[in-house]
Structure formats: C-alpha cells, structure tokens
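> Please read through the structure below; I'll follow up with questions.
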Amino acid sequence: MNMIERRQFYIDGAWVDPVDGRDVQVIDPCTEMPCAVISMAGPADVDRAVAAAKAALPAWMVTPPGERIAAVERFLRAYEARIEDVARAVSLEMGAPIDLARRAQAPLAIKHIKGFLAAARDFAFEAPLSPQDDGTRIIHEAAGVCALITPWNWPLNQISLKTIAALLAGCTMVLKPSEESPLSALLWAECIDAAGLPKGVFNLINGDGAGAGTMLSRHPDVDMVSFTGSTRAGIAISKAAADTLKRVHLELGGKGANLIFADAEPGAVERGVRQMMNNTGQSCNAPSRMLVQRDVYPEAVRIAAEVAGRLTVGPSSAEGPHLGPVVNRAQWNRIQGLIRTGIAEGARLVAGGVGLPDDVEKGYYVRPTVFADANNAMTIAREEIFGPVLTIIPFDTEEEAIAIANDTSFGLSNYVQTADPDRARRVARALRSGMVELNGTPRGPGAPFGGMKQSGNGREAGVWGLQDFLEVKAVGGWSA
C-alpha cells in the first residue's frame with residue numbers, strides 16, 4: 001500500500017500548509033504498520049483556524065435559517081457521493097471491518113444529518129414568549145465560535161452530531177478529529193468544500209488532545225467546546241476551559257448495565273453479547289455489565305460463553321461479520337491488563353482471555369472475552385474497558401438489579417430485558433442514565449444521545465443537539 005500523505009489543514013475555505021506543524025504517522029491497527037502521514041497543528045495553526053472562524057461568525061450567525069439548511073442539504077449530497085470513500089477510510093484508520101464501516105460507521109452521519117435538517121425546519125429560531133405575551137421576543141442565536149473535538153471509535157457519527165448541529169445553529173467552528181482517525185475527517189472537509197459554504201465557517205486542523213485540544217479549550221476566542229471522549233480527558237478540558245468561562249459540552253464514557261430478568265425473551269442474552277462486541281467493544285454505550293436474575297443465570301452464562309466463542313476476528317479489509325482489531329497498541333495493552341485483573345480478582349473466565357486470538361500473529365486483536373461470577377466491586381465492573389470484554393453479575397430481586405446498575409460513576413446507557421411491560425417502565429424510570437433501551441428496541445430517529453454523572457452533560461442529535469449550540473436571548477418591547 002502506498003503511504004497516504006495528508007499534511008494540510010482546511011482553514012478559511014482553503015487547504016493550507018501547516019505553519020508550525022509536525023509530522024505524525026497514522027497506524028493501521030490490522031498490520032501495526034504506518035498507512036498515512038498527517039501534520040499535527042502547533043499554536044500558530046490553532047490561532048489561524050480560530051481567527052478564520054471568528055471572522056466568519058458575524059455573517060454566518062445572521063444568515064437566514066433557510067439558507068443554512070440549504071447549505072447542509074448541499075453538504076449531504078456531497079457526502080452521499082463519497083460514502084464508499086468514507087467507509088474505506090474508517091476501515092483503514094481505526095480497524096472497523098469493511099461491512100461494519102459500510103453498514104453503520106459511514107451511514108450514521110446521513111441519519112444524523114437528516115434528523116438535524118428535520119429539527120431545524122421545524123425549529124422556532126424567533127418566537128413570542130407566549131400567546132399571551134407577544135411583546136417579549138425569544139431569539140435563539142448561535143453560541144459562537146465552537147471547538148469540536150471528536151474521537152476515533154465512531155468518527156463520522158461524532159463529527160456529524162457536532163458539525164451539522166453547529167452549522168444549522170449559525171455557529172462557526174474548528175474541528176479537531178482524533179489523530180487516530182484523521183482520514184475520514186479530511187474527507188468530511190472535502191465534502192464541506194464541495195458544498196460551497198462561506199469561507200471560515202468550517203475549519204479543520206489535526207492534532208492531539210494534549211496539544212491542539214488543550215489550545216482550543218483555553219483559547220479566548222473560542223466560545224464553546226463540544227468534546228466526545230474519555231472521562232479523564234473531559235475533566236482536563238473542563239479545567240482548561242474554566243479560565244475563559246466558555247460553554248463546555250461533554251459526551252464521555254459509560255459502563256452500561258444490561259438487566260436480564262428471568263422472563264426475558266430467549267434471544268436476550270445473545271443480543272446482549274453481540275451488542276457488547278459490536279465495533280470490537282469500542283462504544284461508550286456498550287452494555288458491558290450483564291446483570292442476570294439468578295433463576296436463569298447458569299443458562300445465561302452458558303449462552304454468553306457460546307456466543308462469544310463463535311465470534312471470529314479478522315482484518316478490516318475482509319468482508320464478513322468478524323470483529324476487527326482495537327485501535328492501537330496502548331489500548332490493546334490496557335485491555336490485556338484489565339483481563340488479567342479480572343482473573344486475579346476472582347471472576348470466572350468462560351470465554352476468551354489474554355493474548356492474541358488463535359492463528360493471529362500481528363495486529364491489535366483481542367479475544368472476545370466473557371467473565372462470569374463477578375461482583376460490582378471488581379475492577380472489570382467499575383472501569384470502562386473499551387474492548388470486547390463482557391462482565392456477568394448475578395442478582396436476585398428487581399431492587400438489587402437497579403442498585404447494582406446505578407452503583408457506578410457513569411450514567412450513559414442502560415438496557416432492560418423483561419416480558420413485563422410495567423416492570424420495564426418502572427426499571428427504566430429508576431435507572432440513572434441518559435438513555436435506556438427496553439427489550440432490544442432502539443431509540444427513534446432524533447432521540448437525544450447523552451448521559452448523567454461522569455458520562456458528561458448536554459445532549460446530541462435532533463432538536464436537543466441543535467439547542468446545545470444555541471444561546472437564548474429575551475427581548476422586551478418587541479411589538480411596541
């Protein structure tokens with residue numbers, strides 16, 4: 001494979017060379033070899049991108065919503081025309097199997113774009129306070145210059161949730177994608193360019209969190225930071241942003257519980273395992289703790305071990321339903337350490353384990369792993385592993401299951417499996433998380449995505465995602 005060289009940034013409507021950038025290699029996690037070279041932004045590059053966004057803000061924020069909607073519609077057409085290129089880029093840079101990249105990674109952006117367009121068309125950017133008070137005007141206007149810092153695990157999902165909401169709200173922005181998955185973000189910028197947005201509305205620089213991410217979070221001309229990533233990094237961004245009192249939106253980690261009651265449908269356990277292992281376990285909303293009522297616990301453990309044992313791993317370029325590698329060596333080492341900790345703390349290993357899968361000699365592949373007989377005090381039940389590792393915990397009563405599920409510093413997504421609709425709704429109300437999925441039914445289009453506690457703040461998607469990029473202004477005497 002020829003080395004891809006993409007050192008330029010997209011600033012003020014043009015592809016430009018870095019001012020004080022430095023080269024860094026992008027590693028293919030399937031081969032452990034470099035596949036691309038990008039440039040990491042220095043302070044002058046960050047300043048130039050922010051200055052372009054600041055200069056473009058006055059005109060873009062007063063552009064009529066209908067014109068902003070039309071610009072996003074043009075972008076959508078450009079993105080749809082490049083969807084195969086995007087899928088291949090994601091597959092290469094972060095190891096998503098090509099079928100997953102085509103089915104979910106790349107098309108999720110289209111789903112979000114359409115959801116935001118529907119929300120924006122129906123949104124009252126200006127309206128009276130109430131039918132009784134026509135003299136007070138409520139105006140929703142852009143939050144300002146936004147720094148958008150996105151992760152590598154679902155790169156286009158997060159880029160779309162932030163970029164499109166910001167564009168429709170009238171914000172200008174600087175996108176800093178993960179340095180682990182820059183190639184798909186560069187294609188996104190090419191689609192922005194093809195859509196003909198005004199110069200400076202959208203800007204892209206590459207860089208890491210400690211460098212460009214911190215510079216953007218501290219920058220006095222950035223009004224808002226929207227970040228998706230680890231809880232540790234979210235705390236650091238909040239501290240960096242505090243001196244300038246900018247708005248900070250955080251979508252962070254999770255340790256989702258999947259509560260399986262004795263009356264759950266027969267396929268609930270297998271579905272839970274497959275949801276956990278999707279994207280090689282690299283999802284913040286993964287159901288990584290399976291809580292099983294004791295009456296059906298032995299059978300659930302057997303099924304989970306069997307399902308995990310049937311899963312295979314393989315290169316991202318190969319078609320099929322296999323799992324790809326995790327993103328890099330550091331993540332692979334961390335997962336291996338947590339598997340060893342699970343064994344050392346007394347959990348029963350029923351599938352997978354440490355080391356590379358059989359017949360694998362290179363690549364950051366992890367054995368699909370299942371632990372049984374765990375308790376909620378164990379490290380594997382407390383920490384977000386971000387790999388294909390499932391922890392199974394028994395429970396006796398509904399109250400106990402809720403207590404275990406809520407006994408975590410996270411609060412992103414939980415799952416409930418039961419044939420009793422009253423119990424399903426009762427448990428959903430009791431769970432402290434931003435999202436709950438009942439009996440395998442996903443949330444509808446435009447539903448808000450986000451969490452509580454150390455899973456972050458704010459919501460993405462639909463009208464809630466749009467509102468996160470808007471300020472509210474109240475004007476008295478409007479009709480005088």
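The values are calculated or read from the model by the stated rules, or taken from the named source; none is laboratory data. Note that the structure is predicted; figures quoted are calculated from it, not measured. Ideal geometry is used to build each Cβ from the backbone, glycine not excepted, and the neighbour counts take in all protein chains shown.
> Condition test on S160, is it under 16 Å from F469 (Cα atoms), crowded, with 17+ Cβ neighbours inside 10 Å and modelled with pLDDT of 95 or more?
Considered against the rule, which asks whether it is under 16 Å from F469 (Cα atoms), crowded, with 17+ Cβ neighbours inside 10 Å and modelled with pLDDT of 95 or more, S160 comes out as yes.
> Additional query: Could you grab me the full set of residues in the stretch 433-451 that are within 15 Å of the chain's Cα centre (by Cα), assigned to a loop (DSSP other than H, G, I, E, B) and in contact (Cβ under 8 Å) with a residue 24 or more places away in the chain?
G434, G450, G451 - these are the residues of the stretch 433-451 that are within 15 Å of the chain's Cα centre (by Cα), assigned to a loop (DSSP other than H, G, I, E, B) and in contact (Cβ under 8 Å) with a residue 24 or more places away in the chain.
> Scan the stretch 460-480 for residues that are surrounded by fewer than 22 Cβ atoms within 10 Å (Cβ to Cβ) and in a loop (DSSP other than H, G, I, E, B) and jot them down.
Within the stretch 460-480, G476, G477, W478, S479, A480 meet the criteria.
> On the given criteria, is D122 surrounded by fewer than 17 Cβ atoms within 10 Å (Cβ to Cβ) and either closer than 22 Å to L186 by Cα or among the acidic types (D, E) (or both)?
Taking the combined requirement at face value, the residue satisfies it.
> Another question, then. Going residue by residue through the stretch 33-45, is there one that turns out to be within 28 Å of H140 (Cα to Cα) and modelled with pLDDT of 95 or more?
The answer is no, given that none of the residues of the stretch 33-45 is within 28 Å of H140 (Cα to Cα) and modelled with pLDDT of 95 or more.
> Moving to a separate point now. Please go through the stretch 387-425 and give me each residue that is more than 29 Å from W152 (Cβ to Cβ) and assigned to a strand (DSSP E or B), ordered by number. Quick ask: steps written out before the conclusion?
We begin by selecting, within the stretch 387-425, every residue more than 29 Å from W152 (Cβ to Cβ); these are 393-404, 406-407, 416-425.
Residues satisfying the conditions are I393, P394, F395, V416, Q417.
> Does A104 satisfy the criteria of being assigned by TED's automatic domain parsing to the domain that holds P177, assigned to a helix (DSSP H, G or I) and surrounded by fewer than 19 Cβ atoms within 10 Å (Cβ to Cβ)?
Details: assigned by TED's automatic domain parsing to the domain that holds P177: yes; assigned to a helix (DSSP H, G or I): yes; surrounded by fewer than 19 Cβ atoms within 10 Å (Cβ to Cβ): yes.
Yes; evaluated as a whole, the condition is true for this residue.
> Quick one: which of A195, A262 is touching a residue at least 24 places away in the same chain (Cβ under 8 Å) and either within 30 Å of Y415 (Cβ to Cβ) or crowded, with 24+ Cβ neighbours inside 10 Å (or both)?
Every option except A262 fails the conditions.
> Taking R294 as the residue in question, decide whether it is without any contact (Cβ under 8 Å) to a residue 24 or more places away in the chain and surrounded by fewer than 19 Cβ atoms within 10 Å (Cβ to Cβ).
no
> If K362 passes every condition in (1) under 29 Å from G451 (Cα atoms); (2) among the basic types (K, R); (3) in contact with an Asp or Glu (Cβ under 8 Å, 6 or more places away or on another chain) but one, which one does it miss?
Answer for K362: the failing condition is (1).
> Continuing with this model, one more query. Could you tell me whether the stretch 163-171 includes any residue that is in the same structural domain as A70 (by TED's automatic domain parsing), in contact (Cβ under 8 Å) with a residue 24 or more places away in the chain and over 24 Å from G458 (Cβ atoms)?
Within the stretch 163-171, not a single residue is in the same structural domain as A70 (by TED's automatic domain parsing), in contact (Cβ under 8 Å) with a residue 24 or more places away in the chain and over 24 Å from G458 (Cβ atoms).
> Further, regarding this structure: For the stretch 261-298, what are the residues that are in contact with a strand residue (DSSP E or B) (Cβ under 6 Å, 6 or more places away or on another chain) and basic (K, R)?
Correct list: R289, R294.
> Would a scan of the stretch 345-359 turn up a residue that is modelled with pLDDT under 95, acidic (D, E) and either assigned by TED's automatic domain parsing to the domain that holds P29 or farther than 21 Å from L259 by Cβ (or both)? Lay out the reasoning, then the answer.
First, the residues of the stretch 345-359 that are modelled with pLDDT under 95: 358-359.
Narrowing further to those that are acidic (D, E): 358-359.
From what's left, either assigned by TED's automatic domain parsing to the domain that holds P29 or farther than 21 Å from L259 by Cβ (or both): 358-359.
Yes, because at least one residue in the stretch 345-359 is modelled with pLDDT under 95, acidic (D, E) and either assigned by TED's automatic domain parsing to the domain that holds P29 or farther than 21 Å from L259 by Cβ (or both).
> Same structure, new question: Take F125 and decide whether it is in the same structural domain as P34 (by TED's automatic domain parsing), of a type in the set (F, W, Y) and more than 18 Å from A195 (Cβ to Cβ).
Yes, satisfied.
> Does L156 satisfy the criteria of being in a helix (DSSP H, G or I), in contact with a Ser or Thr (Cβ under 7 Å, 6 or more places away or on another chain) and within 28 Å of P65 (Cα to Cα)?
Spelling it out, L156 is indeed in a helix (DSSP H, G or I), in contact with a Ser or Thr (Cβ under 7 Å, 6 or more places away or on another chain) and within 28 Å of P65 (Cα to Cα).
> Sort through M61, M94 and tell me the only one that's farther than 19 Å from G200 by Cα and in the same structural domain as I192 (by TED's automatic domain parsing).
M94
> In the stretch 125-153, what count of residues is obtained for those that are crowded, with 17+ Cβ neighbours inside 10 Å and outside any strand (DSSP E or B)?
The number of residues fulfilling the criteria is 7.
> When the residues of the stretch 307-325 are filtered to those that are in contact (Cβ under 8 Å) with a residue 24 or more places away in the chain and assigned to a helix (DSSP H, G or I), which remaining residue is surrounded by the most Cβ atoms within 10 Å (Cβ to Cβ)?
Per the criteria, the residue is A308.
> Would you confirm, using the coordinates I've provided, whether A268 is among the hydrophobic types (A, V, I, L, M, F, W, C) and in the same structural domain as A372 (by TED's automatic domain parsing)?
When the stated conditions are applied, A268 passes them.
> List the number of the failed condition for L349; all other conditions in (1) in a helix (DSSP H, G or I); (2) crowded, with 16+ Cβ neighbours inside 10 Å; (3) hydrophobic (A, V, I, L, M, F, W, C) hold.
Failed condition: (1).
> Return yes or no: is A142 over 24 Å from E384 (Cα atoms), in contact with a Gly (Cβ under 7 Å, 6 or more places away or on another chain) and among the aliphatic types (A, V, I, L, M)?
For A142, the condition - over 24 Å from E384 (Cα atoms), in contact with a Gly (Cβ under 7 Å, 6 or more places away or on another chain) and among the aliphatic types (A, V, I, L, M) - is met.
> Still on this structure, I have one more. Which one of these is assigned by TED's automatic domain parsing to the domain that holds A106 and surrounded by fewer than 18 Cβ atoms within 10 Å (Cβ to Cβ): D28, D85?
From the options D28, D85, the qualifying one is D85.
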